[in-house]
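Chemist: This structure is in structure tokens; I'll ask about it shortly.
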Amino acid sequence: MSEQSSRLGELAEKFATMQSLPAPDIQWLITHLEKCYSKQDVYTADMRFTIHEVTAHLNKRSSANYRTDSTTTMRLIRARYNEGYRLEDFCKVIDTKCREWKKKPKMVKYLRPSTLFGKEHFEEYLQQASTDGPKEPEFSERPSI
């Protein structure tokens, strides 16, 4: 048991005595808090780089302005990252959906992190990107003569 855990136990006993509460309730609270704090998400340098690059790529391709430090965006990208997807996968999904949806006024509003990186559809979008074949370069990406 760590030093913090033993200290929490001591505090729980003191609190239970002071408040005339049964110790098991306090122990449950301590156990719950330890679980919550032990599962704090730590962003590795590679994950932070991926989150920044994915958000920047989405902003560039969709002409949006999503923040790279948005809690929701970070959570969505981190979840897919933890499933094994990497920067190239995110870029494929963004490129495919931008080509498909940017020309459709009713669909352009769905070029957002919650739609593109959500658990429900991310793999489908990635599979679609794989079957679409090589992309046609946009006008700005074509080499000048």
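The values are calculated or read from the model by the stated rules, or taken from the named source; none is laboratory data. Keep in mind that what you see is a predicted model, and the values were worked out from it rather than measured. Every residue, glycine as well, gets a Cβ built from its backbone with ideal geometry; the counts of neighbours run over all protein chains shown. All accessible areas refer to the heavy atoms of the entire protein, side chains included, with ligands and DNA or RNA removed. Shrake-Rupley method; radii C 1.70, N 1.55, O 1.52, S 1.80 Å.
Chemist: Would you say A23 is modelled with pLDDT under 70 and more than 24 Å from A129 (Cα to Cα)?
Modeler: On the way: modelled with pLDDT under 70: yes; more than 24 Å from A129 (Cα to Cα): yes.
Against the criterion (modelled with pLDDT under 70 and more than 24 Å from A129 (Cα to Cα)), A23 qualifies.
Chemist: For T55, which of the numbered conditions (1) assigned to a helix (DSSP H, G or I); (2) within 20 Å of E124 (Cβ to Cβ); (3) open to solvent by less than 70 Å² (accessible area, probe 1.4 Å); (4) not basic (K, R) fails to hold?
Modeler: Among (1) assigned to a helix (DSSP H, G or I); (2) within 20 Å of E124 (Cβ to Cβ); (3) open to solvent by less than 70 Å² (accessible area, probe 1.4 Å); (4) not basic (K, R), T55 violates only (2).
Chemist: Within segment 52-86, track down each residue that is within 13 Å of G118 (Cα to Cα) and of a type in the set (G, A, S).
Modeler: Across segment 52-86, the qualifying residue is only A79.
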